[in-house]
Structures are given as C-alpha cells and as structure tokens.
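All remarks here apply to the structure that follows.
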Amino acid sequence: MAKLCLNPSTRPDPYPNGGHEAYWMSRIAAAMEPKLESWGVAPASAEEEGCGLSLTLRSHAAPQEIEAKIKGAEVYYYAYSPAGKRAAEIFTQAIKSVYPEPALVESAPTPVPEELRTPKVPALLVKLGYHDNPQDEAWLVNNVDAIAAALARAAADFLGAAPHA
C-alpha cells in the first residue's frame, strides 16, 4: 500500500473570521484521510518510514503593506528533485480544478525550506491561499471537502494508486 506523510500546519496564525491555520489545515488533512484510504493510500505522520511523498499543508499571509490584496495558491517543491517537480505539477492541476481563479495557482521550485530539503522522498509545501484575503479565506473554509478530495486524488495519482470516484 502506498503511503503519504501528511503534515498539516501547526501554526497558530489567526484567520480573520475564525479559527487559525493549524485548525483549518488539520480539517483538510482529516477530510483527506478517508479518500486516501479508499484509494489504497495510507496517510501517515511525518515521523513514519516508508512514505512515497511528504505533503505539508499551510496557507499564506501577505506582508502587512499588501495585506488582503493578493491571493492564489502555490505548490513548492525542492528545486533539485525531479520527482518533487512531477508531484508539484500534479498537485497544481488538482488545486486549479477547485480554486475559483485557476490562473492564480502555480508551482515553484525552491532550495528552502527545511521540510522540502530533508525528506528522503519527494516533498511538497502546499500553500492554500492567503488567509488574510477575504476571498481566499472564504474559499478555503467553505470548501474543505472539495480541497481535500482534490489533494487526495493528486496524492493517489502521484503514488500510483488508482483513485475510484
């Protein structure tokens, strides 16, 4: 069985209309788990061995001078990982399928942060919108199940599991 190391944010960054980053990312991760399992992917914590992909879930916050003025989602991968790049492309397309403005969803290579450089497997950092932007925050909190399903399908696709609708 394929295994996904699922790492929802533990950051307490507040969302303007309730909750915080850790709460909402944990909700998405929890909603992903039954879908992953139904497609033959075992969700695991970051500490477990045998994962085929490490997935960290977060949201953005814009710098104070442009707070609430930018929106979009980004998928970061380690710049020197061809498998990470392939995973990022799959996840970017999945997020575009549920994000209201697909042109604002992109993937980007980066030599940092630590969570992308240190795993021995491909790793992604997915930032699901700007929680300081009212439209992004509303999309995120009102579409937990759709976001979770898209991310779970992308994970199953990347890991070679066969998603069943």
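The values are calculated or read from the model by the stated rules, or taken from the named source; none is laboratory data. Just so it is clear, the structure is predicted and the values come from calculations on it, not from any experiment. Here the Cβ positions follow ideal geometry from the backbone for every residue, glycine too, while neighbour counts run over all protein chains shown. For accessibility, only protein heavy atoms count, side chains too; no ligands or nucleic acids. Shrake-Rupley method; radii C 1.70, N 1.55, O 1.52, S 1.80 Å.
List of remarks:
- Share of carbon and sulfur in the accessible heavy-atom surface of the range 1-142 [1.4 Å probe, %]: 52
- Span from the the range 37-84 Cα centroid across to the the range 19-35 one, whole angstrom: 13
- Net charge dipole, the chain: roughly 380 debye, given to the nearest 20, about the Cα centre with Cβ charges of +1 for Lys and Arg and -1 for Asp and Glu.
- Amide H contacts of ASP13: GLU21, ALA22, each under 5 Å away and 5 or more positions distant or on a separate chain (H built 1.01 Å from N in the peptide plane; Pro and chain starts excluded).
- Computed FRET value (nearest 0.05) for THR10 with ALA146, which takes r as the C-beta separation and R₀ as 22 Å: 0.40
- Under 5 Å between amide hydrogens, built in the peptide plane, is the criterion, and for SER59 it picks out LEU128 among residues at least 5 positions away or on other chains.
- Once backbone amide H atoms are built at 1.01 Å from N, ALA2 has ALA42 as its partners under 5 Å, excluding neighbours fewer than 5 places away on the same chain.
- For the chain, the tally of Lys pairs with Cα-Cα distances below 18 Å comes to 9, considering only residues 8 or more apart or on different chains.
- Computed 3J(HN,Hα) for the range 137-149, one whole-Hz value per residue from the Karplus formula 6.51 cos²θ - 1.76 cosθ + 1.60 where θ = phi - 60°, is 4, 4, 4, 4, 6, 9, 10, 3, 5, 5, 5, 4, 5, glycine and proline marked x.
- Accessible surface calculations at 1.4 Å, restricted to protein heavy atoms, place the chain at 48 Å² per residue.
- GNM flexibility winner over the chain from GLN64, GLN93, GLN135 (Cα, springs under 10 Å): GLN64
- Within the set (i) 113; (ii) 103; (iii) 161, the number that volume of the Cα convex hull per residue in Å³ takes when calculated for this structure is listed as (ii).
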